[in-house]
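Written below as structure tokens is the structure these notes are about.
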Amino acid sequence: RRRRRGMTMGATNPISSSINSTNSNSSSKRRTRRRGKRLCDVVATAKSNDDDANKAPDPTIRTTGRTKEEEDQAFKEFLMRDMKQTFKKALKQVSSLPLAISEFGAIAGFSALGTVIEQNKSYAWYVENYPVSEDAPLFGALDFTFILNNGLDHVYTTWYFLSLLSLLAVSLAACTATKQLPVWRVAAKWKFIKKPKFLVSSKTMDERESVKDARVMDLANSLADRGYQVFLREEDQEQYLYAFKGLIGRLAPIGVHFALLLTLGGCAYSGLGGLGGSVMAPKDTSFTISDGLTRGSPLSRVPKFAKTNQVFVKDFTIDYLPSGQVSQFYSNLSILDEKGNEVDNKVISVNVPLRYGGVTMYQTDWSMSSMRVTVITKAAAEDTTNSDNSESGSSSSSSSSSSISSTSGTISDGDESSKREELVLPMANLENKGDFKGKIWGTFLPVGDNADAKENKKGISLVARDFQSVAIYDSKGAFVGVRRPSSKKPIDVDNISLIVEEISGATGLELKTDPGVPFVYAGFAGLLVTSFLSLLSHSQVWGAQKKVDGTSVVYVGGTSNRGKEEFRLEFDQVLDELPEYV
């Protein structure tokens with residue numbers, strides 16, 4: 001019976017076992033489904049509760065037990081909570097690093113265009129220098145129509161450039177508020193760590209160690225010698241230490257953002273409140289300062305003194321290299337007040353401007369304004385018939401243009417009389433006109449009688465590329481020769497003798513007012529300093545001294561945000577210096 005009972009108890013029926021296993025599996029599945037259903041119900045209930053919590057209260061439905069004032073207050077709280085969540089999400093989006101990099105790239109691209117394309121020139125200048133042709137830059141697209149229609153002639157004051165500056169400023173401010181300030185708050189808060197296990201086993205510690213027969217006070221002295229700020233606390237005959245250095249490295253990134261914001265603000269202030277323009281002023285002439293300033297935006301204001309004070313060009317000279325190329329050009333400028341008194345004077349050149357009352361005058365260009373020549377007409381004293389052509393040429397030269405001034409006289413020499421006449425001929429810029437290429441100026445001296453000069457425009461052409469030489473062509477267009485203004489040597493052309501006395505130049509000045517320049521300079525200075533300080537490592541060290549089996553043990557842990565290898569070497573040196581007490 002025992003054997004049977006034992007067999008009955010110990011034997012296993014395959015069929016029954018399979019049935020039992022099937023039943024157990026089915027029951028377990030049912031339990032799993034019920035458990036899963038309950039879990040789904042719990043999740044659904046929790047989700048519905050969350051949805052109900054985030055759902056705006058309906059002002060038209062009054063919950064039992066709540067007054068109208070309570071319902072209104074609940075609705076206001078929901079609106080404030082929803083606005084805060086939306087604001088946090090928006091800050092997170094605009095403070096992203098890829099967005100800031102794309103903004104920097106776009107600003108740099110438009111700044112490069114503003115450097116390549118001359119800014120704030122006249123409409124005629126862009127038509128002349130950027131004509132519509134297949135040879136225009138960017139596969140023929142960068143012509144004057146494209147430049148003017150897209151505001152590339154004043155890039156730095158366009159709405160899209162200022163919008164990019166504003167968006168970058170918002171991104172920097174959002175990054176400072178959401179990332180840099182919290183990091184600074186965490187770094188500025190310090191506390192003692194009292195659990196040795198955390199010091200020797202925490203993954204947040206870059207370096208960790210336990211030292212027997214040592215004291216925290218010796219650790220504090222060693223860290224203080226290396227520039228750490230050390231704090232000690234003693235509780236229940238146990239000592240704790242916290243030390244740090246380089247905390248300014250955590251604050252410096254906030255300074256970098258502030259310096260960038262200051263720079264962007266200065267750029268926007270200069271673009272919106274600044275004035276600019278250019279003037280080509282001949283020697284011995286003057287112009288009112290406001291004539292060279294144009295408003296960049298409705299926010300810009302012309303200084304009061306600029307409407308009355310004038311700039312007088314005393315002199316304009318050019319220095320040449322031995323090869324004949326221009327080395328440097330100088331302008332002697334005087335500032336005259338409303339009474340004509342000189343209040344300032346300076347000789348300016350490229351990169352050496354004149355600054356007066358917030359207006360900066362740069363030397364940017366030069367031109368030729370006029371040419372002074374002497375015309376000598378020779379005639380026989382007894383035979384006046386054969387000298388009609390030369391006489392008529394001389395008279396027509398003096399009366400052909402109202403802009404030509406002359407002084408004349410008669411010199412007797414034996415049986416001949418010479419008529420000498422000094423003329424000032426205005427010069428025109430011939431650059432890119434006809435077959436002329438590069439900088440070149442020319443003037444025209446009419447010859448013959450008045451009718452002939454008007455109808456056929458017969459005369460002598462004088463062409464110059466610089467102040468050192470003048471090429472002379474006769475009335476038929478044939479080349480006659482070259483003369484230097486300083487040589488005073490006459491040249492015979494069309495029955496007259498011509499002497500080139502002098503070429504008067506004109507200085508090209510660019511006038512600007514940049515009210516945001518001090519802010520830009522301050523921003524750049526702050527950027528240099530804070531960028532250097534942000535490279536400093538912020539190192540922290542914690543220590544705890546406890547008694548273990550009657551032995552004093554010091555547990556030490558430390559971390560650093562950068563310079564990991566230097567911090568490890570310093571940490572090892574500090575521990576090696578700790579004395580042992582037996």
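The values are calculated or read from the model by the stated rules, or taken from the named source; none is laboratory data. All values reported here derive from a predicted model rather than from experimental measurement. A quick note on method: Cβ atoms are made from the backbone with ideal geometry, for glycine too, and the neighbour counts reach across all protein chains shown. Heavy atoms of the whole protein, side chains included, go into the accessibility calculation; ligands, DNA and RNA do not. Shrake-Rupley method; radii C 1.70, N 1.55, O 1.52, S 1.80 Å.
Quick notes on this one:
Condition check ((1) at positive phi; (2) aromatic (F, W, Y); (3) in contact with a Leu (Cβ under 8 Å, 6 or more places away or on another chain)) across all residues:
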{"residue": "L164", "(1), (2), (3)": "no, no, no"}
{"residue": "P182", "(1), (2), (3)": "no, no, no"}
{"residue": "P196", "(1), (2), (3)": "no, no, no"}
{"residue": "T204", "(1), (2), (3)": "no, no, no"}
{"residue": "R208", "(1), (2), (3)": "no, no, yes"}
{"residue": "F231", "(1), (2), (3)": "no, yes, yes"}
{"residue": "Q237", "(1), (2), (3)": "yes, no, no"}
{"residue": "R250", "(1), (2), (3)": "no, no, no"}
{"residue": "G265", "(1), (2), (3)": "no, no, no"}
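Condition check ((1) open to solvent by 30 Å² or more (accessible area, probe 1.4 Å); (2) closer than 14 Å to L445 by Cβ) across all residues:
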| position | (1), (2) |
| --- | --- |
| R465 | yes, no |
| I472 | no, yes |
| P485 | no, no |
| I491 | no, yes |
| G508 | no, no |
| T513 | no, no |
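- Any hit, region 233-243, residues being touching a strand residue (DSSP E or B) at 6+ places or on another chain (Cβ under 7 Å) and part of a loop (DSSP other than H, G, I, E, B): no
- Filtered residues of region 140-157 (kept if open to solvent by 40 Å² or more (accessible area, probe 1.4 Å) and small (G, A, S)): A141
- Residue within region 104-118 that is surrounded by 12 or more Cβ atoms within 10 Å (Cβ to Cβ), more than 28 Å from M280 (Cα to Cα) and charged (D, E, K, R) present: no
- The residues of region 211-225 that are open to solvent by less than 60 Å² (accessible area, probe 1.4 Å), over 53 Å from the mean Cα position of the chain (by Cα) and of a type outside the set (A, V, I, L, M, F, W, C) amount to a single one, D213.
- Flag for V574 being assigned to a helix (DSSP H, G or I) and within 20 Å of L247 (Cβ to Cβ): yes
- Per the listing Y160, Y228, the residue uniquely farther than 27 Å from L91 by Cβ and open to solvent by less than 60 Å² (accessible area, probe 1.4 Å) is Y228.
- Flag for Y581 being of a type outside the set (G, A, S), within 14 Å of Y240 (Cβ to Cβ) and either touching a helix residue (DSSP H, G or I) at 6+ places or on another chain (Cβ under 9 Å) or outside any strand (DSSP E or B) (or both): no
Here is a yes/no grid of residues against (1) open to solvent by less than 60 Å² (accessible area, probe 1.4 Å); (2) in contact with a Ser or Thr (Cβ under 9 Å, 6 or more places away or on another chain):
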position: L232; (1), (2): no, no
position: Q239; (1), (2): yes, no
position: K245; (1), (2): yes, yes
position: L264; (1), (2): yes, yes
position: Y269; (1), (2): no, no
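- Pairs linking a residue in region 530-559 that is over 25 Å from Q573 (Cβ atoms) and surrounded by 20 or more Cβ atoms within 10 Å (Cβ to Cβ) to a residue that is of a type outside the set (A, V, I, L, M, F, W, C) and at pLDDT below 95, with Cβ atoms under 7 Å and 6 or more positions apart or on different chains, are T530/G255.
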